[in-house]
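What follows is a single structure, written as structure tokens, with notes after it.
The values are calculated or read from the model by the stated rules, or taken from the named source; none is laboratory data. What you see is a predicted model, and the numbers here were worked out from it, not measured in a lab. Virtual Cβ from ideal backbone geometry, glycine too; neighbours counted across all protein chains shown. Just the protein is used for accessible areas: all its heavy atoms, side chains included, with ligands, DNA and RNA removed. Shrake-Rupley method; radii C 1.70, N 1.55, O 1.52, S 1.80 Å.
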Amino acid sequence: MNGSNNKMELLGKAPIPKALMSLGIPIMIGMLINALYNLVDAYFVGGLGESQMGAISIVFPLGQVVVGLGLMFGNGAASYLSRLLGHGDRETANKVASTALYSSISIGAIIIILTTILLKPILSVLGATDTIMPYAVSYAQIYVISCIFNVFNVTMNNIVASEGASKTTMCALLLGAIINVILDPIFIYSLNMGVAGAAIATAISQIASTLVYVIYVVRKKSAFSFSLKAFAPTKQILTEILKIGIPTLTFQLLTSLSIALINRAGSGYSDSVIAGMGAVTRVTSMGTLVVFGFLKGFQPIAGFSYGAKNFNRLREAIKTSIIWSTAFCVIVGLVMILFSAQIVSQFATEGNAEMISVGHRSLMANGFSFFLFGFYTVYSSLFLALGKARAGFILGACRQGICFLPIIFILPELWGLNGILYAQPISDVISAIITVLMALHLHKELRVTETRICLEKHDQ
């Protein structure tokens, strides 16, 4: 009960900067560590050649789909679990946690089996060229199977965070990241296993994170039992999980689709183009995940303030989040712009001028458009936090869906390689313009609501 009171105090009364830091930083660190897996693999594999680097770029969207599955059940359950714990309903909370975990593992296993059976056709659709395909198969055969541990980890990450055990989540993710950094060069170079070595290192790292969560549950540190007997996929429980989980999965699938379409468009040029764009994707994902993680702390504050009709606190939370996230995005964007060639060269074999040139131009353009990312993400998070599901879904789907899809299909036909390199930045700018229009309408709506409430209070 005391923990619940502290959380309510943090959401409703604590200074906005303190509340944002307390709620957002642990999740931000966890998401950032999780992104290191992909960046570390790309760094070490990049030394093998552009075809090998292209291979892990082709496989990357498959991993994002799996992460989306874990997020659908984990993130979908987390909100419901927090409310249940606040009400003291441990029995239902156990059912929700168990249902989310076992559902994600079961569906994840089915998807992984089907993916393994249809691996070559899937990799071909994702843009694997004849020279990339052998390496992509070698990497994916191991990586895709190991994704079952990632499904477990992502689901548990969200569930454990819902009970306030952010240190456990950070320990699990940090242990996996450290092991991955140590094992990658050993398996890839010392044991001469190439891209298969990178996949094995990632698999072992994921298993290590899984063991942290298993020990946490077995030692009964968790508020939930995760019993098979508690598995109860009732209509009410699944509805509560999926109404938040499905939009989360949709955004993740759009991310995977956008990466796959860029790779497929790049396959018409060379392996170096795919490798260069793959390096850019991993670098920019580090920045986007920091912002996403931070704004996971903003959402409950915004929702709580809106529900309590505390519009001054809501506006302060929005303003502070925009300032902080935009400042971060400008700094990261400038680093991308000023050091683009140096950054991309870390993922390239020596003398691969084409990959560095492609990555350098794309990363520079993404650096400029990244200035807008914090502003865009604050409002896409805000609409969902206020319960405006339709507007939140539309805005959330703009950057890598509604705006991006027509651009990536049309622009390369009109502008060639440049159309591939600048598709995402152009989509970012259009999405930011749409955000401004939707934000103006939202603030007008909030002012009307606030005025109406004030008049009602005055009449009473």
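Tabulated results
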item: Any pair with Cβ under 9 angstrom, 6 or more apart, that starts in segment 395-410 at a residue that is under 18 Å from PHE375 (Cα atoms) and modelled with pLDDT under 95 and ends at one that is buried (at least 22 other Cβ atoms within 10 Å of the Cβ) and among the charged types (D, E, K, R); result: ARG399/ASP428
item: Cβ-Cβ under 8 Å pairs, at least 6 apart or on other chains, segment 303-324 side under 19 Å from LEU455 (Cβ atoms), far side β-branched (Val, Ile, Thr); result: LYS309/ILE453; PHE311/THR449
item: GLY127 in contact (Cβ under 8 Å) with a residue 24 or more places away in the chain and open to solvent by 50 Å² or more (accessible area, probe 1.4 Å); result: no
item: Scan of segment 375-398 for residues that are within 11 Å of ALA302 (Cβ to Cβ), open to solvent by 20 Å² or more (accessible area, probe 1.4 Å) and part of a helix (DSSP H, G or I), ordered by number; result: LEU384, ALA385
item: Of all residues making up segment 189-212, the number that are part of a helix (DSSP H, G or I), more than 18 Å from VAL144 (Cα to Cα) and among the aliphatic types (A, V, I, L, M); result: 2
item: Check on ILE25, among the β-branched types (Val, Ile, Thr), open to solvent by less than 30 Å² (accessible area, probe 1.4 Å) and either closer than 30 Å to ILE322 by Cβ or modelled with pLDDT of 85 or more (or both); result: no
item: Segment 154-175 - residue that is in a helix (DSSP H, G or I) and farther than 20 Å from LEU69 by Cα and, of those, modelled with the highest pLDDT; result: LEU175
item: Some residue of segment 327-349 being open to solvent by 40 Å² or more (accessible area, probe 1.4 Å), small (Gly, Ala, Ser), over 25 Å from TYR269 (Cβ atoms) and in a helix (DSSP H, G or I); result: yes
item: Subset of segment 316-326 that is out of contact with any Gly (no Cβ under 9 Å at 6 or more places or on another chain) and open to solvent by less than 30 Å² (accessible area, probe 1.4 Å) - its residue that is nearest to THR255 (Cα to Cα); result: ILE318
item: Per-region count, segment 198-227, residues among the hydrophobic types (A, V, I, L, M, F, W, C), open to solvent by 50 Å² or more (accessible area, probe 1.4 Å) and over 17 Å from GLY108 (Cα atoms); result: 5
item: Members of segment 135-164 found to be under 11 Å from TYR213 (Cα atoms) and open to solvent by less than 20 Å² (accessible area, probe 1.4 Å), listed by number; result: ASN153, VAL154, THR155, MET156, ILE159, VAL160
item: Residue in segment 230-248 that is outside any helix (DSSP H, G or I) and either touching a strand residue (DSSP E or B) at 6+ places or on another chain (Cβ under 7 Å) or among the hydroxyl-bearing types (Ser, Thr, Tyr) (or both) present; result: yes
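One line per residue, one yes/no per condition, for (1) outside any helix (DSSP H, G or I); (2) open to solvent by 10 Å² or more (accessible area, probe 1.4 Å); (3) in contact with a Ser or Thr (Cβ under 7 Å, 6 or more places away or on another chain); (4) more than 17 Å from PHE60 (Cβ to Cβ):
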position	(1), (2), (3), (4)
ILE274	no, no, yes, no
THR284	no, yes, no, no
LEU289	no, yes, no, no
ILE301	no, no, no, yes
PHE304	no, yes, no, yes
LEU314	no, no, yes, yes
